[in-house]
Amino acid sequence: MFAVQNDGLHGCPMPQRRFSRRSLLGGGLAVAGVAALCGRGQARTAGLPPRLRAAAQGERRLSLVAAERRAKLLGADGPDSAVWTYGEKLFEVVRIAQGETLAVELENRLAEHTAIHWHGLRIPNDQDGVPYVTQPPVRPGERHSYRFTPPDTGTFWFHPHCDTVAQLGRGLAGVLIVEGDETAPYDADLALLLKDWRLDPASGGYLPFMTQRGALRAGTFGTVRTVNGETAPRLTVRAGGDVRLRLLNLDSTRVGDIGVDGGEAAVIAIDGNPIAPFPLKDWRLGPAMRLDLVVRAPAAGGEVRLMDYFAAEPVVLATLAGAWAPARGKAFDPTPLTRSAIPEPRIRGAERLTFAFATASKQKSALAVSADDGDPLAAALLDSLCAASTVNWSINREAWPVGDHSRVPKPLAVLREGRTYVAELSNETPHVHPIHLHGFTFKVLGSTKRELPVHFADTVLLTPNERITIAFVADRPGDWMIHCHLIEHQETGMMGYLKVV
């Protein structure tokens, strides 16, 4: 068995929280070693077994056709809704083996340009999928090819990076699972995609994706909550089995407080990155963040419910229903994943950076750096799909875009390839910000407000007035975006880039 940790967010002792549902959480997990596991700076990746499986070889070809299709998001008896997808399924879920090269051809059948950002993948900059910054936009009727070999196993996803609030709002996203991290097979491996939709229940049409109130505050929330495009789906699993759930928050706005009611669960990966298993109580899952769990399935006829407790009333996201002959008889003791090969930051002697996420006054958002002739970033700011007319937010007192979009921001920082950087992310606002760094997997070292386990991630949730310290190795050159993944914040200023040279 492994030690219980009691933090309502990440497993360490905290004051009693507002939810009385603690008594609802099933548990046979031993209570031991809390202090040893919760010390600030204690790595949770240490002790994971090495990866012994040889990497796969070969190439996987994939055709993605971005187009408008129809879906029943309001139930079987409700009206159809127009969705934008990469294939006939609502969300494409692509599985490849570690070591395989992925060769993707994107065809754009939409009425506006698009591209694909491969979220969380440590791939070359020219494959990152940011229009004008790393590639030309893929205009209607055009095709574009991506080709890369993901270096890490894990749970990742892909989505557009211009007009994201509308394109993602209509469903344009997919999942990429890189397999090969298991030390023993689980009884099931399920991807659960959490997404809200802003729909008119009478027509099935969309309500405005962005509102002034939402853009200025915590975002504009959807009206229909779904998992894999269904409301509170019921999933049948083998009774008593250990089920791997890959949770992906594909929503533009909603922050969930993820828990399990009626059974035992453990966290085994964060943003796809393996971590020593620890019991799940609940976990704040912001937009773009992922969480891999192992859940012990109930006995035949029983249920385990995946919950979101960050609401006035707890919301059932999905239900696991036990069926068939029992799979396992032993006590719940989740099998760890193998450790990854993410470059380990060298903290001693590392250069220090600070990124302040704040509101944008006229003075803060007025940039004075002119674009060089031929700078592709200037084109991005002149494109209406990649720019907003309103600036609400900033990073280090600079906002993207700004004014008449004829000026471009300078890099937030210029980094040297191969060096370690320690960065303080500071939230100077009363709202949460899920901060995503393209191209790199950083190590979360600690917080001024919470006891966080040390773990690797590509997106971290900044709570109001919190400062979080991260570290990473700038091991690939290029222009790498950093931004809030609450999309209305991203599209009204809270975005910038780091230049690695």
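Each reported figure results from applying straightforward, stated rules to the coordinates on display, with no laboratory input. Remember, it's a predicted structure, so these values are computed and weren't measured experimentally. As a convention, Cβ positions derive from the backbone with ideal geometry for all residues, glycine included, and neighbour counts pool all protein chains shown.
Only counting other Cβ atoms within 10 Å, I'd like GLU59, GLU264, GLU428, GLU451 sorted with the fewest neighbours first.
Numbers: GLU59 11, GLU264 21, GLU428 15, GLU451 18.
Sorted ascending by nearby Cβ count, the order is GLU59, GLU428, GLU451, GLU264.
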Practice item. Could you tell me the distance between the Cα centroids of the range 403-480 and the range 135-160, to the nearest Å? Key: 22 Å
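Distances over 12 Å make up what percent of all Cα-Cα pairs in the range 276-326?
Details: 918 of 1275 pairs.
The share of Cα pairs beyond 12 Å in the range 276-326 comes to 72 percent.
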Review point. Sorted from fewest to most neighbouring beta carbons within 10 Å, what does the list ILE395, ILE470 look like?
Key: ILE470, ILE395
Exercise for review: Any chance you could check the Cα centroid distance between the range 266-297 and the range 228-258 for me, in angstrom?
Suggested key: 12 Å
Review point. Relative to the compact globular guide of 2.2 N^0.38 Å, what is the alpha carbon radius of gyration of the range 209-274, as a ratio?
Key: 1.44
Practice item. Given a cut-off of 27 Å, name the pairs among LYS89/LYS499; LYS443/LYS499; LYS72/LYS281; LYS281/LYS449; LYS330/LYS449 whose C-alpha atoms lie farther apart than that in the structure shown. Key: LYS89/LYS499; LYS72/LYS281; LYS330/LYS449
**Study point:** Base-10 log of normalised Debye intensity for the range 401-501 (one unit scatterer per alpha-carbon) at q = 0.13, 0.21 Å⁻¹
**Key:** -0.48, -1.16
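Rounded, prolate or oblate: which one fits the range 59-179, using the alpha carbon gyration tensor with axes a ≥ b ≥ c (rounded when a/c is under 1.5, else prolate when a/b beats b/c, else oblate)? Please list the in-between numbers first.
Numbers: a/c = 2.05, a/b = 1.38, b/c = 1.49.
Oblate is the answer for the range 59-179, as a/c is 1.5 or above yet b/c matches or exceeds a/b.
Using the 10 angstrom Cβ neighbour count as an exposure proxy, how do LEU48, LEU320, LEU176 rank, fewest first?
On the way: LEU48 20, LEU320 26, LEU176 23.
Going from least to most buried by this count: LEU48, LEU176, LEU320.
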Revision key, fill the gap. For the range 60-111 the GluC sites (Glu not before Pro) that pass both the DSSP coil test and the at-most-13 other-Cβ-within-10 Å test are GLU88
Practice item. Report, in whole Å, the centroid distance computed from the Cα atoms of the range 487-501 and the range 57-120. Key: 25 Å
